[in-house]
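In what follows, a structure is listed as structure tokens, so that the remarks can point back to it.
Read-outs: derived from the displayed coordinates by stated rules, not from any lab. Bear in mind that the values here come from a model prediction, so they are computed numbers and not experimental data. Heads up, the Cβs are rebuilt from the backbone with ideal geometry, glycines too, and the neighbour counts pull from every protein chain shown.
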Amino acid sequence: MLKSIDGLDENFRFLIMEVQNQIKATYEFVLAPTPSTYDKIFSKDDYIDNLKNVIENKCFMTLNQTKLNPEQMKYLRAVHVITINLERIGDYCVNIAKQMGYLTTPRFLENFDYKDSFLKIHATINEILPVLQKANLSGALSICRMEDELDGMYKENFDKIMIHLRIGRNVEDHITSLFIIRYLERIGDSLLNIGEALLFVIIGERIKIQQFQALQRNLSKSGLQGDVTDVDFLGIWGSRSGCRIARVEEKSPQARNSIFKEGNLRKIRQEKINLECWNEIFPGLVPKVFSYQEEGDNASLLTEFLSGCTLDEAIFNADGEILENALFIFEQTVQHIWEQTLSRHDMPTNMMRQVGDRMSSILQVHPEFMRPAMGMGSVTIPSLGELIKQCMDIEARYPAPFSVFIHGDFNINNIIYSHQEQKVYFIDLHRSQHADYVQDVSVFLVSNFRLPVLEQEARERITRTIMSFYAFAKAFAVENRDESFDIRLGLGVARSLYTSTRFELNRSFAQSMYNRSLFLMERLAEQSPQDLTNFTFPLEIFNY
Amino acid sequence: MSQDGKFEFESVQDCLTIQKYLEALQEGFLQGRIVLNSDGSEICLNPGGFMKFEVSVKKKGAENKLVIKVSWKDKRDEPPATGEISITS
């Protein structure tokens, strides 16, 4: 595949060969050290470094000068990653040779089982080229798995060394031996990187071995016959809150598309529980769970892929009538959910506490978003800290009069609209719970406001969506005798505007959110307790 | 507020609150003393004598801008600071 790129293929083959030779020479040196083998290892290391530089130069030059198709691009990227890791393995060999000099006798290392590690490393490096050329998935996986095997061997030797160190026997030699076997373990880490780079070429996406194994297990549990290569990994949606999300498309005639999520155990587990909960209350509103797996601190989930567009896409792309229709269906659905799950009891909220929780990450992006106390003549201007404190007091006085089952992360892009089916769906539900519906309302409104578009017509559509949803939510509040709706909405929107600034690097837009947040807090804080009940949410703040 | 005698305040307000700020400044002009403070540091302005007073307005579509600028030099027996108040809406 790389033949078109001037000699790169050849350089790469040489590099693999030289690193293999280096492993062999290091093994021989450890068995029976001689000055000539030592010199050979050192001079070979220079050669490996040079080869790495040559390959790296060619990779970058090719990127700069040649128009590559996506396949070639992936291949080049993998070659680059593999090269860097091979060179690192070469360096570890040199380090091992150097450490040998500190042993009182080279035979000391015979106390440990290191030979198998060398042989396995040698055999694994031997596999790199054939796996790459034949796009051999199981070969790539077995390269990845070598890390685990080498870790196991390291652990055995480590435990043995610890026993001797605890009783203080041959401390120096044991520490040197520990360094040597530790380098073998680190070679395993590099082999894992190489294996994952090979997976990238074969599957077409960056995927870690645990994620791959989790996907494989999920697919087989969900009933897919055959191998993971029978599916296409489409449009990786990147990483959200530390979870990896991808769309998986089966190639079979009865193709069933799905979404694969892998990441933090707590989040994924909660998402699965919530999906089941939603499916019980409102069947068909959220994706079906096809399978779920837990592995150590991580979990993975394979769910139904819902066709349609996210509601923000409807704002930008659909014609006016479709948007109206989408909003109508959306509001009807939300009303139905709220009515069905409403439970009348006071529900304290903690919106202002969330401001405090996110403060450090906000200030990391915008250090100036922490207004101190100020004064202008006879007018005193309260600091942000003071405003938050006053708003916390208000929040404590106005709990929600009832709870509903809320989405919990009611961003506009977590709502899918299917024009064909005339339905909306909810996604990303790991925060769903019985809580104040104003929590969802405020997040939804602000997620509209912060959409990164300035074009007037699009902004008008955004404002229309905001107005419509506010009117809908307000009507629900009136109908259900929620007298503090506007107060809680003021607090919720102030919270969401301020915390959203941490995702906004456009300074002027971030500043406008920050200013609006302070405005809301000031208006709430300046009211006397009697006047506060007449507070009306100033909807104009959403005009931009 | 920075060390070099600057006071900056940017916010979103409604007409009622802007009126409150303007009244505070108006009161300061009347008394010949406007104190501005931020985070513990303070600037004291003593408007008096002849002052330059500028008003500029820009209207472009739905965008509006009103700038009121007052600048003056302190009298010789006072510290040689240049005071300037600028209010933009």
*For the range A:376-431 and the range A:498-527, distance of Cα centres in Å*: 14 Å
*Write down, largest first, the equivalent ellipsoid semi-axes of the range A:314-353 in whole Å, where each equals the square root of 5 times an eigenvalue of the alpha-carbon gyration tensor.*
31, 16, 5
*Averaged across the residues of B:31-39, what count of C-beta atoms belonging to other chains lies within 10 Å of each residue's C-beta?*
4
_Give me the dipole magnitude in Debye, nearest 20, for the protein assembly as shown about the Cα centre, with unit charges on the beta carbon: positive for Lys and Arg, negative for Asp and Glu._
580 debye
*Can you tell me what the convex hull of the Cα atoms of the range A:456-544 projects to on average, as an area in nm²?*
6.2 nm²
_Average silhouette area of the range A:268-312, convex hull of alpha-carbon atoms, in square nanometres_ = 3.8 nm²
_the range A:403-465: GluC sites (Glu not before Pro) in DSSP coil with no more than 14 other Cβ atoms inside 10 Å_ = A:Glu421, A:Glu455
*Can you spot the aspartates and glutamates whose alpha carbon is less than 18 Å from A:Lys58's alpha carbon? Ignore those fewer than 8 places along the same chain.*
A:Asp6, A:Asp9, A:Glu10, A:Asp49, A:Glu71, A:Glu87
*So what are the ³J(HN,Hα) numbers for the range B:56-69, from phi and the Karplus equation (6.51, -1.76, 1.60; θ = phi - 60°), rounded to whole Hz, Gly and Pro as x?*
10, 10, 10, 9, 9, x, 8, 8, 10, 9, 10, 10, 10, 10
*Using the 10 angstrom Cβ neighbour count as an exposure proxy, how do A:Cys59, B:Cys44 rank, fewest first?*
B:Cys44, A:Cys59
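Using Cβ counts within 10 Å as a stand-in for footprinting exposure, how do A:Lys58, A:Lys134, A:Lys67 rank, fewest first?
Ascending number of Cβ neighbours within 10 Å: A:Lys67, A:Lys134, A:Lys58.
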*Per q in 0.08, 0.14, 0.18 1/Å, what log10 I(q)/I(0) does a Debye calculation on the alpha-carbon atoms of the range A:8-204 return?*
-0.29, -0.79, -1.16
*How well do other chains shield peptide A:124-137, expressed as the mean number of their Cβ atoms within 10 Å of each residue Cβ?*
0
_For the range B:15-73, the fraction of alpha-carbon pairs in successive 10 Å shells from zero, as %_ = 18, 42, 31, 9, 0
*Protection proxy ranking of A:86-95, A:503-512 - average other beta-carbon atoms within 10 Å, highest first*: A:86-95, A:503-512
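Can you work out D for the protein assembly as shown in µm² s⁻¹ from Stokes-Einstein, where Rh is the Kirkwood radius over C-alpha pairs, the temperature is 37 °C and the viscosity is 0.692 mPa s? Intermediate values should be presented prior to the final figure.
On the way: Rh = 30.2 Å.
Result for D is 109 µm²/s.
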*asked:* Which one, A:Asn274, A:Val438, A:Ile16, is farthest towards the positive end of the dipole of the protein assembly as shown when Lys and Arg carry +1 and Asp and Glu -1 on their Cβ?
replied: A:Ile16
*For the range A:527-543, take each phi angle, set θ = phi - 60°, evaluate the Karplus expression 6.51 cos²θ - 1.76 cosθ + 1.60, and give the result in whole Hz per residue in order, putting x for glycine and proline.*
6, 6, x, 5, 6, 4, 5, 8, 4, 10, 4, x, 4, 4, 5, 8, 7
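Rounding to the nearest 20 debye, state how big the charge dipole of the range B:15-73 is about its Cα centre with +1 on each Lys and Arg Cβ and -1 on each Asp and Glu Cβ.
Computed charge dipole of the range B:15-73: roughly 400 debye.
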*Please report A:Ile541, A:Ile203 as a ranked list, fewest other C-beta atoms within 10 angstrom at the top and most at the bottom.*
A:Ile203, A:Ile541
*Under a straight-distance cross-link criterion of Cα-Cα below 18 Å, which lysines are reachable from A:Lys160, leaving out those fewer than 8 residues away in the same chain?*
A:Lys115
_Restraint check, B:Lys6/B:Lys69; A:Lys44/A:Lys98; A:Lys74/A:Lys120, Cα-Cα greater than 23 Å_ = A:Lys74/A:Lys120
*Which ³J(HN,Hα) values, rounded to whole Hz and listed in residue order, are derived for the range A:24-34 from phi using the Karplus coefficients 6.51, -1.76 and 1.60 in 6.51 cos²θ - 1.76 cosθ + 1.60 with θ = phi - 60°, glycine and proline given as x?*
4, 4, 5, 4, 4, 5, 5, 5, 8, x, 9
*Under the definition of partner shielding as Cβ atoms of other protein chains within 10 Å of a residue Cβ, what is the mean value for peptide A:359-372?*
1
*How far, in degrees from 0 to 90, does helix A:70-100 lean away from the longest principal axis of the Cα atoms of chain A, to the nearest 10?*
50 degrees
*Rg to Rh ratio, the range A:67-154, alpha-carbon atoms and Kirkwood radius?*
1.09
*For helix A:507-525, report the angle its Cα long axis makes with the longest principal axis of the Cα atoms of chain A; keep it between 0 and 90° and round to the nearest 10°.*
40 degrees
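Return the inverse of the average 1/r over all pairs of distinct C-alpha atoms in the range A:309-542, which is the Kirkwood hydrodynamic radius, in Å to one decimal. Numbers along the way, then the final one.
Working: mean 1/r = 0.0544 Å⁻¹.
Result for the range A:309-542, one decimal place: 18.4 Å.
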